[in-house]
Structure formats: C-alpha cells, structure tokens
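All remarks here apply to the structure that follows.
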Amino acid sequence: MRRFYINFLYTTIILSIFGSYACKNPVNKYTSPKGYDFSKPDRFNMPSSLLEISGITFYNGNSDTIYSIQDEDGKLFRQKWDVKKQYHMKFAAKGDFEDLAIVKETVFILKSNGALYSFPFSEAVKPSSEKVKERKKLVPKGEYEGLFADSQTNKVYVLCKKCDIDKQKKQVTGYIFDYKPEMDSLVAAESFRLDLNQMKGLNPKLKTSLSPSALARNPRTNEWYVLSSTNKMLLVTDANWKIKEAHRLNSSTFNQPEGIAFDKAFNLYISNEGDEITDGNILKFSFRK
C-alpha cells in the first residue's frame, strides 16, 4: 500500500510539472495581426436569414451600414451594426454566392464558379433590379470565394479557392481586372500568386496548403489579409503578395470565417457562417495603435 501511495505521489508531481509547462508553452497558440486582438471581438449575431452569411463589405469604408450576402439566396442584404432588422435586394435566383465588393458606384458579387454579378449601387435600396448583369467565363474553370475591389484604381481582384492551375503546386492564384465605369466593362489585366512555401519560413509546423474564403486590403498598411475557413487561418502579405504573417484562428471564436472587410477607421470585420447550434455572426476587431 505504501508503495502505491509513493507511486501515486510521483505521478501527481510529474503530471503537475508537465501541466504547468503546457500552460506556459501552449502547443496551439492563437495570434493576432498587429493592431488587433482576436481574443476580444465585438460580436454581432445575425438574424436567421443570414445564418449562412458569407461575404461582407462597406460603401466607401462607411461602417454605418453593412452590406452582405449569404451562400444560397441571390440577395444583397443591408443593415445597421447591432441591429438585426435587415433589408435586401434580390439580384439573382438561388446559387452559391461567396463574396461581394463595391467599386465606385457598382456592386460586384462573386459566384463560386467565378461568374460575377454586377449592378448600380443605387439599386441596392430596391426590392429587386432589372439592371443586373451576369459576367461569365472571366476566369478559368475552378472554385472561387475571394473578391476585392479598389475604388481608387478601379481594379477588381478574384482569388481562387480551388483551381486546376494550383493542383500539385504550393500556391494560390488570383486574377486582376480593370473596371471601366464609363463602359461598365471588366478587362483582364494580370494574375498573381501566393507562394505557400513561404509559410514554412514563418512556422515549420504549418501545412503549405490553403483554401481561401475571402480577402481584403488593410487601408492603413496596404497589406493583404487572406482568410481561410477550411484551414482556420489568416495570412497577411505585403503589397506584392509575399506572405509576412500566418495566424491560426481559434474555432471557438471563428466558427466558419467566410468574409472579411475593413472600415475607414481601420477596424477589421470577419463574418462567420452559423450552424445548428451557433448563429451566423460578424466579429468586429477595433484597431488599436
């Protein structure tokens, strides 16, 4: 019996030492990009109509109204922060809609097959619109979820989630278009790539694979923020797409991160799809110098 107690005491001491070490040196450490604290979000739970919220954006960076879409319905939603009541404009029948962006006075919405829907921003306050244009075959066949538009340069960025060109390669490809507002036309300009091998240089334990769900550009630093729901990851790159940071996302905070946007005060917003247990939501991370 005495030997049993001695062994029990030794085991308890050893477990305590390892437990203390694990607390001080957590294996899965979640980090945040500079200026933001991902552990302290301002959470805005969505109404049931936006359970499957995907992309989010603002008009000229104004955070007084949030514009969003959800995966299945061809509707553009708009609502005030922390006000569940929403309004919507129907732009298409049911489909797999992933992201949206506003460039100048035009709204663009990305379908998972790479097609882009567009219509004048002034139509957003109507129940539906007859001015919707669907643009097909702009990009190679694949699966796309990331869209960003720059109103200063009139450039539109479309990012692959899963494309043939990236198969068997440690990369993610994107395409850039010049938008001509006077002609309401998109002209292919160039492509770009994220070299996922660069992630190993940041953390050897990271897998060099990524399935991007959204992207946005930080207006303060001009860095690109690339979000991945599947990988629970946020990458930060420089203006030339060189990966500078890789942040793991805590699944207890980020249920299914599908959309990302900045307002003109540099605050960061990430939308999460809900499920049978969790509401869809938008998380706001206030910028702090």
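Nothing in this text is a laboratory measurement; each read-out follows from the coordinates by a stated rule. Worth saying up front: this structure is predicted, and the values here are computed from it rather than measured. Please note: Cβ atoms are built from the backbone with ideal geometry, for glycine as well, and neighbour counts cover all protein chains shown.
Chymotrypsin sites (Phe, Trp or Tyr not before Pro) within region 43-143: which are DSSP loop residues with at most 14 other Cβ atoms inside 10 Å?
Trp81
Under 10 Å, Cα contacts only: if you run a Gaussian network model on the chain, which one of Ser54, Ser229, Ser122 comes out with the highest mean-square fluctuation?
Ser122
Which pairs in the list Lys84/Lys155; Lys94/Lys161; Lys29/Lys170; Lys80/Lys104; Lys40/Lys242 are over 26 Å apart, alpha-carbon to alpha-carbon?
Among Lys84/Lys155; Lys94/Lys161; Lys29/Lys170; Lys80/Lys104; Lys40/Lys242, the Cα-Cα distance tops 26 Å for Lys84/Lys155; Lys40/Lys242.
Counting Lys +1, Arg +1, Asp -1, Glu -1, what net charge surrounds Asp73 among other residues with beta carbon under 11 Å of its beta carbon?
Once all neighbours under 11 Å are counted, the net charge is -1.
Going by how many other beta carbons lie within 10 Å of each one, how would you line up Lys167, Lys284, fewest first? Don't skip to the answer; put the middle values down first.
Details: Lys167 9, Lys284 17.
Listing Lys167, Lys284 from fewest to most nearby Cβ atoms yields Lys167, Lys284.
Among Ile243, Ile282, which comes first, then next, by fewest other beta-carbon atoms within 10 Å?
Working: Ile243 21, Ile282 24.
Ascending Cβ contact count within 10 Å gives the list Ile243, Ile282.
At 222 nm, what value in deg cm²/dmol follows for the chain if DSSP H runs of at least 4 each add -39500 (n - 2.57) and the sum is divided by all its residues, to the nearest 500?
The helix-only estimate for the chain comes to -3000 deg cm²/dmol at 222 nm.
Which residue, chosen from Tyr30, Tyr175, Ile56, occupies the Cα position most advanced towards the positive end of the dipole of region 28-285, where the dipole is computed from +1 (Lys, Arg) and -1 (Asp, Glu) charges on Cβ about the Cα centre?
Towards the positive end, the residue furthest out is Tyr30.
Please enumerate, by chain and number, the aspartates and glutamates with C-alpha under 13 Å from the C-alpha of Lys207, excluding those fewer than 8 residues away in the same chain.
Asp195
State the extension gain, in nm to one decimal, for the chain segment bounded by Tyr87 and Asn240, taking 0.36 nm per residue of separation less the distance between their alpha-carbons.
Roughly 51.3 nm would be gained on extension.
Could you please report the charge total around Ala124, scoring K, R as +1 and D, E as -1 over all other residues with beta-carbon less than 12 angstrom from its beta-carbon?
Surrounding charge for Ala124 is +3.
Find, among the GluC sites (Glu not before Pro) in region 130-178, those assigned to loop by DSSP (not H, G, I, E, B) with at most 15 other beta-carbon atoms within 10 angstrom.
Listed in order of number, the matching sites are Glu130.
Excluding Gly114 itself, calculate the net charge of residues whose Cβ lies under 13 Å from the Cβ of Gly114, where each Lys or Arg counts +1 and each Asp or Glu counts -1. List each step's numbers first, then the result.
Details: positive: Lys111, Arg135, Lys136, Lys137, Lys141, Lys161, Lys162; negative: Asp96, Glu98, Asp99, Glu134, Glu143, Glu145, Asp164.
It works out to a net charge of 0.
How far apart, in nanometres, would the label points at Ile277 and Ser191 be if each is projected 7 angstrom from Cα along the Cα-to-Cβ direction?
The two pseudo-label positions are separated by 4.1 nm.
Show me the three semi-axes of the equivalent ellipsoid for region 28-285, from the C-alpha gyration tensor (sqrt of 5 times each eigenvalue), largest first, rounded to whole Å.
26, 22, 17
Dipole of region 28-285 (Lys/Arg Cβ +1, Asp/Glu Cβ -1, origin at the Cα centre): which of Phe254, Phe266, Leu194 lies farthest to the positive side?
The Cα lying farthest towards the positive end belongs to Leu194.
Taking 0.36 nm per residue of separation and subtracting the Cα-Cα distance, what length does fully extending Thr65 through Glu134 add? Spell out each step's value before the answer.
Working: separation 69, 0.36 × 69 = 24.84 nm, distance 2.51 nm.
Result: 22.3 nm gained on full extension.
Roughly speaking, what is the stretch gain from Thr31 to Ser49, that is 0.36 nm per residue apart minus the C-alpha to C-alpha distance, in nm to one decimal?
Length gained between Thr31 and Ser49: 3.3 nm.
Roughly how tilted is helix 2-24, in degrees to the nearest 10 and between 0 and 90, from the longest Cα axis of the chain?
Helix 2-24 and the main axis of the chain meet at about 30 degrees.
Please arrange Ser48, Ser68, Ser128, Ser213 by counting, for each residue, the other beta carbons lying within 10 Å of its beta carbon, fewest first. Show your work: numbers first, answer last.
Details: Ser48 9, Ser68 24, Ser128 13, Ser213 27.
The order, fewest Cβ neighbours first, is Ser48, Ser128, Ser68, Ser213.
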